[in-house]
Amino acid sequence: MKIMLELFGASRDFSNKDFLEFNIDKIIEIKDLRKEIIIYLDKNFKGNENFKKIVNSSSFCSEDNNIINDNYKILKGQKIGIIPPIGGG
């Protein structure tokens, strides 16, 4: 199945597009998608630790714009959004 990861905020630095695509051959959870994103970052950005921190501290949202937790199962090809924390003081 194809998962389109929509990039928001600081995660837009992960690609020159506003999304990433992952081809996954099984049902996965958000926590597994986090691992896939880290593998992508290791491969394409030589393990950029700041990017990894963004992934590990981000929230994710479903196609219907609901915040989803790490146990949310991705059962079919769909769009998932990654929402990094916004800095502030």
By accessible area with a 1.4 Å probe, ligands and nucleic acids excluded, highest first: order of Phe60, Phe19, Phe51: Phe19, Phe51, Phe60
Those trypsin sites (Lys or Arg not before Pro) in the chain that DSSP places in a loop and that have at most 13 other beta carbons within 10 Å: Lys17, Lys26, Lys46, Lys76
Dipole moment magnitude, nearest 20 debye, the stretch 17-61 about Cα centre, only Lys, Arg, Asp, Glu C-beta charged: 180 debye
Set of aspartates and glutamates near Lys52 by C-alpha distance (under 17 Å), chain-local residues within fewer than 8 positions excluded: Glu6, Asp13, Asp32, Glu36, Asp42, Asp70
Cβ charges +1 (Lys, Arg) and -1 (Asp, Glu), total dipole of the chain, debye: 160 debye
In range of the label at Asn56: residues from the stretch 23-49 whose backbone nitrogen is under 18 Å from the point 7 Å along Cα→Cβ: 30-49
Estimated distance in nm for a label pair at Arg12 and Ile39, the labels positioned 7 Å out from Cα along Cα-to-Cβ: 2.8 nm
Cα centroid separation, the stretch 34-69 to the stretch 1-21 (Å): 9 Å
Accessible surface of the chain, 1.4 Å probe, proportion on carbon and sulfur as whole %: 49 percent
Average accessible surface area per residue within the chain, 1.4 Å rolling probe, Å²: 63 Å²
Listed candidates [x] 1.11; [y] 1.85; [z] 1.01 - label of the one calculated as Cα Rg over 2.2 N^0.38 Å: [z]
Residue pairs, from the table Lys31/Lys76; Lys26/Lys53; Lys2/Lys53; Lys26/Lys79; Lys53/Lys76; Lys2/Lys31, whose Cα atoms sit over 23 Å apart: Lys26/Lys53; Lys2/Lys53; Lys53/Lys76
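The values are calculated or read from the model by the stated rules, or taken from the named source; none is laboratory data. Because the structure is predicted, anything quoted here is derived from the model rather than measured. Note: ideal-geometry Cβ built from the backbone for every residue, glycine included; neighbour counts use all protein chains shown. Side chains are part of the model used for accessible areas, which takes the heavy atoms of the whole protein and leaves out ligands, DNA and RNA. Shrake-Rupley method; radii C 1.70, N 1.55, O 1.52, S 1.80 Å.
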